[in-house]
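Structure, as structure tokens:
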Amino acid sequence: MKRISCSGIIYKYVVYSDSSCIASVFTEEFGKLKLFMPKAFTKRSGVVKFVPSTLDILRKENSDLFKLYSHSPIAKYISFLEVADISIRLNLIFDIIDSLLPLDESYEYLYKLILNINQENVHKAIIYIIYIIFKISGTLPSFYSCKVCNNEIDELSFYLEGDIICDKCVGGKKSSTPISTEVNTILKALKSNSTYKSTVIDLPQEDKILQLFVEHVEVVTSKKLKSFKSFRELLFYL
Ligand SMILES: [Zn+2]
């Protein structure tokens, strides 16, 4: 087996007593992978989360695990760690990647979208990125037509356990979550790159869409997304 140099983002790790760790990494070439990092935490070294880095790795024979030889964060992406607006959103994005995408499959387009995040576009980028994660993982709900009557959603709709139901069909299903007309307009814009580019999204709208997306992830995986509670606590204070 040959050592490989690739670009990747460490988004999670578990530390062991000998100061080694197993990290979860999202790479450009191999998608999600598990990385063994010997002596990851010493006086001279640490692990930098969320910053795209150049990784020198080797796949262990007959194993899913890779071993890390070196990792150097790329300086121009240091804002991914230092700008709280970006890092709290990356935390949520990677929580969703961790929940919905399988190991060892390449998602170069998604990786590029993440590299393109900056302070100005991060509010819109997170919505588009999660939408793309739904698409490539085959979990995108049909936001645009009613599950019951099949009619196109025009204004208000409701989210009920993975399905979208129109205002007329929802009846007394009170446990459903309303999706407002303005949220539906943004969801529709996601279908076209040029429409989405010209769409303006404010913080309360971003929050509403992310609540809907997170509810959907939790329905699909039957697990709570831990990062979302802290995300919302920080959202309006940054
Ligand atoms: Zn309907």
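Every number here is computed from the coordinates shown, using simple stated rules; none is lab data. Worth saying up front: this structure is predicted, and the values here are computed from it rather than measured. Glycine gets a Cβ as well: all are built from the backbone with ideal geometry, and neighbour counts include every protein chain shown.
A simple spin-label model places the labels of Lys174 and Val220 3.0 nm from each other, with each point 7 Å out along Cα-to-Cβ. Counting only lysines at least 8 places from Lys197 when in the same chain, those with an alpha carbon closer than 25 Å to its own are Lys76, Lys112, Lys124, Lys135, Lys188, Lys208. Amide H to amide H distances under 5 Å link Ile164 with Ser142, Lys147, where only residues 5 or more positions off or on other chains count and H is placed in the peptide plane.
When the charge dipole of the stretch 4-77 is built from unit charges on Cβ atoms (+1 for Lys and Arg, -1 for Asp and Glu) and taken about the Cα centre, the candidate among Tyr77, Ser45, Leu58 whose Cα reaches farthest toward its positive end is Ser45.
Database remark: amide H of Leu225 closer than 5 angstrom to no amide H (H placed geometrically; neighbours at sequence offset of 5 or more, or on other chains; Pro and chain starts carry no H).
Close amide H contacts of Ile153 (hydrogens built in the peptide plane, cut-off under 5 Å, sequence separation of 5 or more or a different chain): Ser145, Cys146.
Can you tell me the FRET efficiency between Asp167 and Ser192 if r is taken as the Cβ-Cβ distance and R0 is 25 Å, rounded to the nearest 0.05?
Result of the calculation: an efficiency of 0.55.
The largest-to-smallest principal axis extents of the Cα set in the stretch 4-77 are 35, 31, 18 Å.
Only aspartates and glutamates eight or more places from Lys32 in sequence, or on another chain, were considered; those with a Cα closer than 13 Å are Asp64, Asp95, Asp98, Asp104, Glu105, Glu108. Here the spin labels are modelled as points 7 Å beyond Cα on the Cα-Cβ line, and at Asp104 and Thr54 they lie 2.8 nm apart.
Judged by the mean number of other Cβ atoms found within 10 Å, the most tightly packed of the peptides 33-46, 210-223 leads the ranking 210-223, 33-46. Enumerate the residues in the stretch 93-125 having an amide nitrogen under 12 Å from the point lying 7 Å beyond the Cα of Leu65 toward its Cβ. The answer is none.
Taking the square roots of five times each eigenvalue of the Cα gyration tensor of the stretch 83-235, the equivalent ellipsoid has semi-axes of 25, 17, 16 Å, listed largest first.
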